Every structure is written in structure tokens, then in C-alpha cells.
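Reading through the C-alpha cells given below for one structure.
The values are calculated or read from the model by the stated rules, or taken from the named source; none is laboratory data. Everything quoted here is computed from the prediction, not taken from an experiment. Neighbour counts run over all protein chains shown; Cβ positions are idealised from the backbone, glycine included. Note: areas computed on protein heavy atoms with side chains; ligands, DNA, RNA excluded. Shrake-Rupley method; radii C 1.70, N 1.55, O 1.52, S 1.80 Å.
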Amino acid sequence: MLEIKDLHASIDGTEILKGINLTINPGEVHAIMGPNGAGKSTLSAVLAGNEGYEVTQGTITFEGEDLLEMAVEDRARAGLLMGFQYPVEIPGVKNVYLLKAALNAQREARGEGEIPAPEFMKLVREKLAYMKMDNSFLQRAVNEGFSGGEKKRNEILQMLVLQPKLALLDEIDSGLDIDAMKVVSQGVNSLRSEDRSILMVTHYQRLLNHIEPDVVHILMDGRVVKSGDKTLATEVEDRGYDWLTEGSVA
Amino acid sequence: MTGVQGFLDQLGARKQLDAEPSWIAARRQAGAARFEAVGFPNRKNEEWKYTDVSAIAKQQFALTDNADFDRAQLDAMMLEIDAYRMVFVDGVFSAELSSLEGLEGDVSVEPLSQALASNHEAVGGALGRLNNVDFSAFSALNAAFTAEGAIVRIGRRVALDKPVYLLFVSRKQDAPVMTHPRVIIEAGSQSEATIIEHYIGEEGAANLTNVVSELFVEKAAHLVHYKLQEASTQEFHIASVHIEQARDSHYRSFNLNLGGSIARNDLVAELNDENAVCDYYGLFFGRGRQHMDNHTKVHHNAPRTYSNENYKGILDDRARGVFNGLVHIKRDAQQVRGYQNNANLLLSDRAEIDTKPELLIYADDVLCSHGTTTGQLDERAVFAMRARGLDEAMARGLLTLAFAGEVLDSVNEPNIALRVERAVAGKLPDRFNLQDLVEAQDA
Ligand SMILES: Nc1ncnc2c1ncn2[C@@H]1O[C@H](COP(=O)(O)OP(=O)(O)OP(=O)(O)O)[C@@H](O)[C@H]1O
Ligand SMILES: [Mg+2]
């Protein structure tokens, strides 16, 4: 599904990612943890195609294609979707319109026609109900005036409608109350299938209790310093990160 | 010959009205004299500081006397709406292209020449009352060339079943022409009507349209006035719109500008009695080297009068825009509310806007506010939308449309809204797809 090899990326001349290697197979859920400033969001941004970052070395292959050669929108249409750590407010653009335009863009890329309005509305309503959001969210401008938790739900709502092959979730758990955490996790879990993968960034073990990862990676100072199964997350929660650098130095 | 004299020389070529009434002759002379005295405005003139009209002064414009235009071509250009339609081709009325069938009751829609011929005294009270020769050099010129235009009279308590559609077509010809139409709208007390002034042109048409409109909104009348300017990008479009409002009247203007090389609109509303409400909505979208200038004025001449203004400017490439909005509240015009907002979106580094809101308040118990902002598209939003699969053009189009939304959402004529949307947003899914969505949602 996704293969990252020796990825180096910098911003404004400062190298942030310093040689990342990561492989995600279909059906797998991977979690990335690591201290603040380690480069987790940078990695997500590079995967999503944010032009502010310069890839100086390495390759990323997504479903056999050279991801770095693909435009932002083409990545999304091919099924790589990013759930943002800080979802952007888009005043004046209704949620329902963005959803429909996004879904149609994806369908068009697959050579399918526009989705008929009634079918679309049925789909969207179903997903809204799943995310425990009321219908009024559709008519509101994207994220405008949404609470932090509502913004995160809205990110997952988009995922549920667009059904990505690979969902990138950057700190989808931050700012969520306990109930919202359940709803969001359920949403994410419903995306899981044999041929879909998830890469999520988090600081907390708590999320991983809800969405069980197959692999946990620890990212520090632009490198994956350790990978393991979900017990690694528990270990990090107990011991912090310092032992990992000490370990690598020793 | 060009310049002031070149324009005056054309007066001889002007089509004479049959038995021109003496007051018209006097007006024309007064207009010519005034124009000769003041000449074209230049940048020292505060009202024209940012709008250079020397390209107009330098050009020689002829007059035309025929309204020949291909029917099919017109059909393709005009709005698809069910309306009472009068068509003017380079200022000349075309009965053939017009369609006034079904108009009945206390309403008249006719070319100015006809109204003058049949009863000139009935026109005398309105023509020139709100726009005398001294409003601007262009108004003087319009008066000097008084000949044709549209006059719409809506009787007391009449609620018009269809809009009145005044279509002005500018042809591309070997030599540019000028037209000086006058539009007079009399909305009788308690009447309700929608007037659409629409300016279109063949590609490459480089004529001068210099129109003056005078609108009288009587007691408790409701008048919605669209002015959709879609002339060619070589056209010179100068318009003065003057509105007089009586007690309890409601006037709503949509001043939508997409075309023109130089497009200048002056709007002046006189709110003369209590509870008169005036809404000014404006949208201008300039590209290439288009220059778009809107000067609006609202005079609150009586207590408890209300105005609400929202102008949006979108400028791309090297286009320039000017917005100048005056809210004037007379002494003793208490408990007035006057709101003004102007927001501009610059889509290119080389686009420019000059904006100047002015409040002149001589009463103390009033609620007034104005705000003006100028910005660019939010690149983070563009990215967020692309990250959902929308291509860049669509993302920018949607955001641009969202910017225009506050004005466009108030447009109640879907065909007009659609034209503006298409122009502003470029490639976009149909508005009606969206309409479907909203309906499906409500169902
Ligand atoms: N424009 C910039 N110039 C220089 N450094 C930058 C710039 N933008 C980000 N950085 C740095 O890149 C590093 C990685 O940031 P990133 O957002 O990827 O971290 P993170 O792992 O997501 O952290 P957090 O857990 O706090 O979200 C940080 O040290 C940050 O300060
Ligand atoms: Mg981060």
C-alpha cells in the first residue's frame, strides 16, 4: 500500500525528516508516536502533498505509484486522505458542497459519473448519523465556528463519505471528550478492512485502546527509532521517550 | 476630431426628434454648454481621482441610427427569462427584437422617443429631475444627446407579474459609436416590480455607453433593480443611477459588473421620507486590464430611513478597482440606520483596489457602521480542498464564489446569479446541482 524509503524533508532549509523508512500493507493500522517536534505532522504533510516541504531525498510509493510525483488532489482521488491536526475553516463553502465536490472528483478520476443527488444525500445522512452529527452540519460552512471536537468529527465524516484506501490521521484524538473519542474511534474502525489501511499519529495510548494498531512506530528527531506491536505504546506511556535515545546511543 | 470638441461636433449628426419640444432642446443646449465648460474629468477631480477617462476623450465616437442585429445571435446572448423586454442596439430601439406582449393594466413600458412623441409633457417632470446636467461631465453629455432610452411607468398598486428587461446591445463595428440612453422608472405607490438593465456586447465591441437612469420609488413601492453589466472588455461603460424614495418605499439595487474596459457606476439615492429602505448590493469582477469604479451615495434626508450596503470586488491579473461609498445623514434625520460594507479579493499580486468609505453624519441619534477589507484567498483553505480531491481551479473557484456569496445569495433571479457565478468561478458544477442538494436535504 505505502512504502516510504529513506525520506528526507526540510522546511525553509531546516531538515526535519532525516531518513524515514516505513511500509504499510493493505489492511494494517499503524500508529506513530513521538515527542513534540519530532516530525510527525511533517511526515503527514509530506504524504498529503503540502508544498511547503521540500523532499530532498528518498521515495514514497503509494499503490505502486510514485506519490511524490502526484499533485495533492490526485493523491486524494487515488485514495490517500489526510485528517488534519488543525482542520481549516472555509467560510462560505458549505460542508455538503465540499463533500459532494470531493466525492465527485474521486468518482470522475475512476471514470464514474456524478453521484445522483438523492443517493448522495442518503449516503451523507447515514454517515452523519454514524458520527452523531445532526443534519444542520451539512448546511454550515466547512468547520466555521465548529468546536474542536466537531472539527475532528467532521474530518472523520469526510473519510466515511470518501472511503480512503489509506487514511492519515494526525492527532485525531486531541481535544476530544470521552464520548467524542468513542464516536471518532468507531468512525475510524468502520473504515478498517482487508484492503484499507490507516496511519495515525497520536500522543496517547488511550486512542490505541479504541483503535488497535498492528504496528507502533516511535519517531524522534526525524527518524523512526523503534517499531513494535501495540505493547510499545504502553511502554512509551510508562517510561517516556528518553530511554529510546539512550538505547540508540548506547 | 477628438476631445470635447470632437464630441460636440457629433451633435449635428444626432437624430432629431420629430417636432422636438422646446424644453428638450433647452436641455440639450444646457448639456452641451455644461460639457463644453467642464470638459472631461481628470485626476485632479476628486470624484475621478482613480479613474482615468483620457482613453474615452481621445477616441472619436460616431452615432448610429439603425438597430440591425441578428435575432439568433441575440437569443444566444440574452438572459433566458420570462420578461417584458425592450431591446436597444447601440442605443437605437428595436421593436422587432423587443417583446412586450401581455403587458396590461396600468403599466407602460416604452422607448423614450415614443413617450416624448405621444405626450412629452408627461415626461418632462421626470427627465432630468434627479440627474441634471451638472452631476458630471458625462451626465451633461447624456443630456446634450438626449434622444432615446426607456421609460417604465408602473401604476399605483400594480404588482408586475414579470420583470421588465431592458437590454442594451453593443455591436462591434469598424468605427466605434457612442450611445447616451436615459432610463426612467416610475414605480407608483404600493407597486411592486423588478427591473433588469442588462448591458451586453459583441466581442471586441469598443463603444461608449453613457447611460443615465432616474428611478422614482413612490410611497410604499417595492422596486428591485438589477444592473448587470457584461459588455465586452473593450467597451467604455459609464452609468449614473439616481433614486428618489418616498415614505415606506423599498429599493434594492444589484449592481453587477463583469465587463467593460472602463466601467464606472455612480449610484445616488435620496431617502426623502420616513421608513424608506435602500439596499445596495454590488459585485465587480475585473480581469486583464479592466478598470471598475463604483461610487455610491446614500442621502438620508429624513428620520428613520435605513440603508444597507454590501459591495464585493474581485480583481485578477492587472485589473483595478475603485470603491467609494458615501453615507450622508442630514441634520435632524434622527434614528437613521446606515450600514456599509466593502470587501475586496485580490486574486493576483498586480491587481489593485482603491477604496474609500465616507460617513457624513449631522444627526446624533443614529446607528452607522462601515467596514472595508481587502485580502487574498486563504491558501490553507485551497490546500485543504485539494487534499479532498478538488482540483485547484475548482478550489479557487469555490472560494471566490464563497467570497461573492453574501451578495449573490441575495440575487433572486437564478439566471442572473448563474451568469455571475460562471464568470466569477470559472469551471464549476452547476448551481442547480446544489439546488438539488438543498431540496433533497429538506425533503
Ligand atoms: N517553517 C519552519 N521552519 C523551521 N522549522 C519548522 C518550520 N515548521 C516546522 N518546523 C519544525 O519542524 C519540527 C517538526 O514539526 P512537526 O509539526 O512535524 O512536529 P510533530 O512531531 O507533529 O509535533 P507535535 O507532537 O507537537 O504535533 C518542529 O521542530 C518544528 O518547529
Ligand atoms: Mg503534530
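Screening residue A:68 with (1) in a helix (DSSP H, G or I); (2) facing another protein chain (nearest Cβ under 7 Å); (3) in contact with a strand residue (DSSP E or B) (Cβ under 7 Å, 6 or more places away or on another chain) gives one miss only, at (2). When residue A:80 is tested against (1) closer than 25 Å to residue A:215 by Cα; (2) open to solvent by 30 Å² or more (accessible area, probe 1.4 Å); (3) away from ligand 2 (no atom under 16 Å from the Cβ), exactly one condition is not met: (2). If you go through the stretch A:165-184 and keep only what is modelled with pLDDT under 95, more than 16 Å from ligand 2 (Cβ to nearest atom) and of a type outside the set (Asp, Glu), you end up with A:178, A:180, A:181, A:182, A:183, A:184. Figure legend. Inter-residue proximity from the stretch B:208-219: first residues open to solvent by less than 10 Å² (accessible area, probe 1.4 Å), second residues charged (D, E, K, R) and assigned to a strand (DSSP E or B), beta-carbon distance below 6 Å, spacing 6+ or different chains. Indicated pairs: B:212/B:182; B:216/B:186; B:216/B:244. Of the helices (runs of 4 or more DSSP H) entirely within the stretch B:339-430, those holding at least 2 residues that are closer than 19 Å to residue B:255 by Cα and of a type in the set (A, V, I, L, M) occupy B:392-408, B:414-425.
Here's the yes/no breakdown for (1) closer than 30 Å to residue B:191 by Cβ; (2) in the same structural domain as residue B:191 (by TED's automatic domain parsing); (3) surrounded by 19 or more Cβ atoms within 10 Å (Cβ to Cβ):
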residue	(1), (2), (3)
B:56	no, yes, yes
B:61	no, yes, yes
B:73	no, yes, no
B:103	yes, yes, no
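So, residue B:423, is that one more than 10 Å from chain A (Cβ to nearest Cβ), modelled with pLDDT under 95, more than 19 Å from residue A:114 (Cβ to Cβ) and open to solvent by less than 40 Å² (accessible area, probe 1.4 Å) or not? Yes. Of the residues examined, residue B:142 is not one that is assigned to a loop (DSSP other than H, G, I, E, B) and under 30 Å from residue B:5 (Cβ atoms). When residue B:261 is tested against (1) outside the structural domain of residue B:71 (by TED's automatic domain parsing); (2) open to solvent by 10 Å² or more (accessible area, probe 1.4 Å), just one condition goes unmet, and that condition is (1). For the stretch A:162-181, residues that are within 22 Å of residue A:194 (Cα to Cα) and open to solvent by 10 Å² or more (accessible area, probe 1.4 Å) total 2. The residue that is farthest from the other protein chains (Cβ to nearest Cβ), counting only those in the stretch A:75-101 that are under 13 Å from residue B:384 (Cα atoms) and assigned to a strand (DSSP E or B), is A:83. Scanning the stretch B:363-395 for residues that are buried (at least 22 other Cβ atoms within 10 Å of the Cβ) and of a type in the set (Lys, Arg) yields a total of 2.
Restricted to strands (runs of 3 or more DSSP E) entirely inside the stretch A:153-250, those with at least 3 residues that are in contact (Cβ under 8 Å) with a residue 12 or more places away in the chain and either away from chain B (no Cβ under 14 Å) or away from ligand 1 (no atom under 15 Å from the Cβ) (or both) are A:197-201, A:215-220, A:223-228. Looking at residue B:398, is it within 14 Å of chain A (Cβ to nearest Cβ), surrounded by 20 or more Cβ atoms within 10 Å (Cβ to Cβ) and touching a strand residue (DSSP E or B) at 6+ places or on another chain (Cβ under 6 Å)? Yes. Note on the stretch A:133-143: among residues that are over 15 Å from residue B:387 (Cβ atoms) and touching a helix residue (DSSP H, G or I) at 6+ places or on another chain (Cβ under 9 Å), the one that is surrounded by the fewest Cβ atoms within 10 Å (Cβ to Cβ) is A:134. If you filter the stretch B:172-229 down to residues that are assigned to a loop (DSSP other than H, G, I, E, B) and of a type in the set (S, T, N, Q), you find that the one that is nearest to residue B:105 (Cα to Cα) is B:191. Within the stretch A:104-132, being open to solvent by less than 60 Å² (accessible area, probe 1.4 Å), assigned to a helix (DSSP H, G or I) and more than 8 Å from chain B (Cβ to nearest Cβ) holds for A:107, A:123, A:124, A:127, A:128. Only one entry of A:90, A:32, A:115 meets the criterion of being modelled with pLDDT of 90 or more, hydrophobic (A, V, I, L, M, F, W, C) and within 16 Å of ligand 1 (Cβ to nearest atom), and that entry is A:32.
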